[in-house]
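Bear in mind that the values in this text are calculations on the coordinates, not laboratory data. Keep in mind that this is a model prediction, so the values were computed, not measured. All Cβ positions, glycine included, derive from the backbone under ideal geometry; neighbour counts span all protein chains shown.
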Amino acid sequence: MKAFCRLCLIFLMFSTLFRPAETEGASLTRIRAGYPSPSATFYPLFAAKEAGLLEKYGFDTEMIYVQGVQLIQVHVSGQLDFSTISAVVYLQASVEGADLIQVASSIDNQLMKLMVHPSISGPADLKGKTIAVTRFGSLTDLLVRPLLKKWGLEPMKDVNLIQIGRMPDMALAVSQRKVEGGVISFPTSLNAEKLGVKTLFDFAESDFDIPATTVVISRKYGQTHREAVLRFLKAYIEGTRRLMTDRELGIKALRKYGGVSDRDLLTYTYDLFTTRYIKKIPKVNPKGVANSLSLIAENNPKAKGRRAEEFMDTSFMDELEKTGFIKSVWP
């Protein structure tokens, strides 16, 4: 009996010594979160990661930067679990059959401006003139066409539209009056102002909601990983609060993921986004989804007659509200 006990003790010692080491992240769920631009538009995700909140809620998160619409292609191929992206971008894929839905929205409008040469004093002056977009079918193109129609100007008839791929090139072209206007986003709009270009229309100030920052998942992932989605949104919501209440953390996050090093630009960007653009509680905006579908329908018949409810799932945010989580973060 003593020999047996001695053998058990030796086995216990060896199993303790030689069992696999437990690492800090051993119990964390590995996820991949994508974003399409190193922009302050995706600030809440950056802040959640930088503040360690994704880890707090059980994730080992790989942050993946894939430029523009290619992010959606990567997500649809199964290489991403979560994406933060403009509503128009994911909806363009969804109306074509992609299995993508929106579960949250942080910025409900587009941070773009129709900027013009100083010689243009109002919309009427645009008749017979030229406006630049990045490319036909892009968000810049989709936004400016209904605006021109609202002003009684027919695109490509009363006002010519041309493609200038890069926004810095667009700003320079407007300043040199090679074109009379361009649809320019932040922060290029700041540089455009320095070149003497002025704002004719600010899309962010309009009531035509087109969400710039949404959280997107696949329907399948939402059905099979509901608890993971809820935990991700908890981190995202807490990250938004940290962003709003911790200036230095916000600046640090943008410096790291936005690639901005200029302190003045960082502080200006932080103040602008936290006071004007980012919502405290990232609830889905059905009106924004509907407006986005209407824009897409201008060029894609598959978007006509589609309902916003087909492309969003509010149940996750609703659950976090009903359980009191959101109130615990934002009393």
Among beta bridges that DSSP assigns inside the chain, antiparallel share in %, nearest 5: 50
In degrees, nearest ten, helix 247-258 long axis to first principal axis of the chain (Cα): 80
Cβ-derived FRET efficiency at R0 51 Å, Asp262 paired with Glu96, nearest 0.05: 0.80
Cβ-Cβ FRET estimate between Asn299 and Arg135, R0 fixed at 22 Å, reported to 0.05: 0.95
R0 of 35 Å, Cβ-Cβ distance Ser27-Thr314: FRET efficiency to nearest 0.05: 0.70
Region 87-146: trypsin sites (Lys or Arg not before Pro) falling in loop per DSSP and having at most 15 other Cβ within 10 Å: Lys127, Arg135
Neighbour cut-off at most 11 other Cβ (10 Å), DSSP loop, trypsin sites (Lys or Arg not before Pro), region 233-331: Arg307
The chain: angle of helix 286-297 to the longest principal axis, Cα-based, in degrees nearest 10: 60
Charge dipole (debye, nearest 20) of the chain; +1 at Cβ of Lys and Arg, -1 at Cβ of Asp and Glu: 300
Zone residues, region 278-299, relative to Glu154, backbone N less than 19 Å from point 7 Å out along Cα-to-Cβ: 298-299
Global geometry of region 112-205, whether rounded, prolate or oblate, following the gyration tensor of its Cα atoms and the 1.5 cut on a/c: rounded
From the coordinates shown, mean projected area of the Cα convex hull in nm² corresponds to which of (1) 21.7; (2) 16.8; (3) 24.3: (1)
Cα long-axis angle, helix 263-272 against the chain (0 to 90 degrees, to the nearest 10): 80
